[in-house]
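Right, one structure below, let's go through it.
The values are calculated or read from the model by the stated rules, or taken from the named source; none is laboratory data. Values in this document were obtained by computation on a predicted structure and should not be read as measured data. Positions of Cβ are generated from backbone atoms using ideal geometry, with glycine treated the same way; all protein chains shown enter the neighbour counts. Only protein heavy atoms, including side chains, enter the accessible area calculation; ligands, DNA and RNA are left aside. Shrake-Rupley method; radii C 1.70, N 1.55, O 1.52, S 1.80 Å.
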Amino acid sequence: MSLPENYLDYPARRYGMDHDRYDWSDMFARKPIAWPNGARIALSIVTHVQHFPLDMPAKPFKAPGALSMPYPDFRHFTNRDYGNRIGVFRILRLLAEKGLRTSFAINGCIATRYPALLDAVAAGGHEVVAHGLDMGKVHHSGLSVDDENAIIADTLRLLRGATGQPVEGWLSPGRAQGFNTPELLVRNGIRWNLDWANDDLPYPMLTKGGPLLAMPLAYETDDRVVANEYFQSEPEWVQQVKDRFDVLYRESADYGGRVMSLPLHSWVSGMPYRVEYLREVLDYILGHDGVWTAPVGQIAAAAESQV
């Protein structure tokens with residue numbers, strides 16, 4: 001049987017990508033980015049501070065790191081909660097020792113569950129990034145616009161109220177977005193997001209409500225990914241992070257500033273046997289000239305007029 005003549009007709013077929021969120025471009029052909037004081041690398045450290053509810057839903061999917069044993073999964077719940085009781089403060093102490101101001105991506109519910117944690121982050125001079133309401137509230141296209149907007153608005157209300165910070169950055173639980181997420185972020189005063197892992201430099205995203213900057217956040221060298229998905233050792237993670245930095249640092253000599261993103265989780269790198277590997281990574285990166293460490297929002301502000 002022959003196919004009808006219109007079988008291959010597709011009104012959306014056109015040259016280019018299958019979405020219009022951003023323009024494709026070759027990073028090596030872009031106008032070079034200049035960081036403050038001639039820095040070659042902007043070091044962007046983002047520590048995830050997360051709450052995994054005991055009764056988190058399994059549909060449409062669970063965020064990475066979710067509880068996986070039959071309810072009540074105290075085994076994994078308490079392991080994740082270690083980050084909020086112990087690990088985050090261990091990371092804060094190390095950052096203070098190095099004199100670094102960074103970013104912490106924090107679930108909105110932390111503001112009411114662990115207010116002292118938010119106080120400690122703010123007291124250290126760190127920036128708070130909205131990380132959704134909790135790790136059970138993933139964003140996806142099955143959510144209605146009103147329901148998703150309510151999650152975003154509640155998250156920002158809690159974090160802005162608890163910290164007094166404007167909280168203009170966003171990282172979704174599991175980095176998951178639905179088709180409406182970018183517009184809703186802009187509607188709620190978000191200027192940049194960390195969900196899209198497809199570049200080593202900031203780039204502008206297109207939304208119906210206005211501009212939204214995509215900021216780099218590495219995936220393959222994320223501490224949780226390396227440990228829990230790739231099942232690789234801490235020394236292997238250290239080497240991978242060093243290798244990533246070395247390539248970006250070398251490129252910066254010819255192509256302008258680069259962003260070295262370092263995603264951490266309080267319940268991963270905050271463990272006693274892992275934090276010294278984090279120290280090794282920081283000592284290595286900070287041992288190079290031309291490294292500017294700043295919260296993501298400052299890096300975004302420096303890049304905004306250049307991209």
* Structure fact -> Those residues of segment 93-112 which are closer than 26 Å to residue 154 by Cβ and surrounded by 14 or more Cβ atoms within 10 Å (Cβ to Cβ) amount to 102, 103, 104, 105, 106, 107, 108, 109, 110, 111
* **Residue within segment 113-130 that is out of contact with any helix residue (DSSP H, G or I) (no Cβ under 8 Å at 6 or more places or on another chain), closer than 15 Å to residue 163 by Cα, of a type in the set (Gly, Ala, Ser) and in a loop (DSSP other than H, G, I, E, B) present** => yes
* Asked: Of the residues that sit in segment 249-260 and are among the small types (Gly, Ala, Ser) and in a helix (DSSP H, G or I), which one is surrounded by the fewest Cβ atoms within 10 Å (Cβ to Cβ)?
  -> 253
* Asked: All but one of (1) in a loop (DSSP other than H, G, I, E, B); (2) open to solvent by 10 Å² or more (accessible area, probe 1.4 Å); (3) not basic (Lys, Arg) hold for residue 52; which doesn't?
  -> (2)
* Asked: Do we have any residue at all in segment 144-158 that's under 19 Å from residue 45 (Cβ atoms) and of a type in the set (Ser, Thr, Tyr)?
  -> no
* Filtering segment 154-186 down to residues that are closer than 18 Å to residue 216 by Cα and small (Gly, Ala, Ser), which residue is farthest from the chain's Cα centre (by Cα)? -> 176
* Asked: Looking only at segment 55-84, which residues are small (Gly, Ala, Ser), part of a loop (DSSP other than H, G, I, E, B) and touching a residue at least 40 places away in the same chain (Cβ under 8 Å)?
  -> 63, 65, 66
* Would you point out which residue out of 272, 263, 295, 216 is in contact (Cβ under 8 Å) with a residue 24 or more places away in the chain and open to solvent by 50 Å² or more (accessible area, probe 1.4 Å)? => 272
* Structure fact -> How many residues of segment 1-43 are of a type in the set (Phe, Trp, Tyr) and open to solvent by less than 60 Å² (accessible area, probe 1.4 Å)? The answer is 2
* Asked: Counting only residues that are open to solvent by 50 Å² or more (accessible area, probe 1.4 Å) and acidic (Asp, Glu), how many does segment 55-92 have?
  -> 1
* May I ask you to list the residues in segment 207-237 that are part of a loop (DSSP other than H, G, I, E, B), closer than 17 Å to residue 281 by Cα, out of contact with any Leu (no Cβ under 9 Å at 6 or more places or on another chain) and among the charged types (D, E, K, R)? => 220
* To do: Hey, could you check segment 91-115 for residues that are among the polar types (S, T, N, Q) and farther than 23 Å from residue 273 by Cβ and say which is farthest from the chain's Cα centre (by Cα)?
  => 112
* **Residues satisfying the stated conditions in segment 166-177, i.e. surrounded by 18 or more Cβ atoms within 10 Å (Cβ to Cβ) and either in a loop (DSSP other than H, G, I, E, B) or of a type in the set (Gly, Ala, Ser) (or both)** => 167, 168, 169, 171, 172, 174, 177
* **Search result, residues across segment 132-164 that are surrounded by fewer than 18 Cβ atoms within 10 Å (Cβ to Cβ) and part of a loop (DSSP other than H, G, I, E, B)** => 140, 141, 142, 144, 164
* **Failed item in (1) of a type in the set (S, T, N, Q); (2) farther than 28 Å from residue 202 by Cβ; (3) surrounded by 17 or more Cβ atoms within 10 Å (Cβ to Cβ), with residue 233 passing the rest** => (3)
* **Candidates 195, 246, filtered to the one that is acidic (Asp, Glu) and buried (at least 17 other Cβ atoms within 10 Å of the Cβ)** => 195
* In segment 1-48, what count of residues is obtained for those that are over 21 Å from the mean Cα position of the chain (by Cα), closer than 17 Å to residue 199 by Cβ and not in a loop (DSSP other than H, G, I, E, B)? -> 2
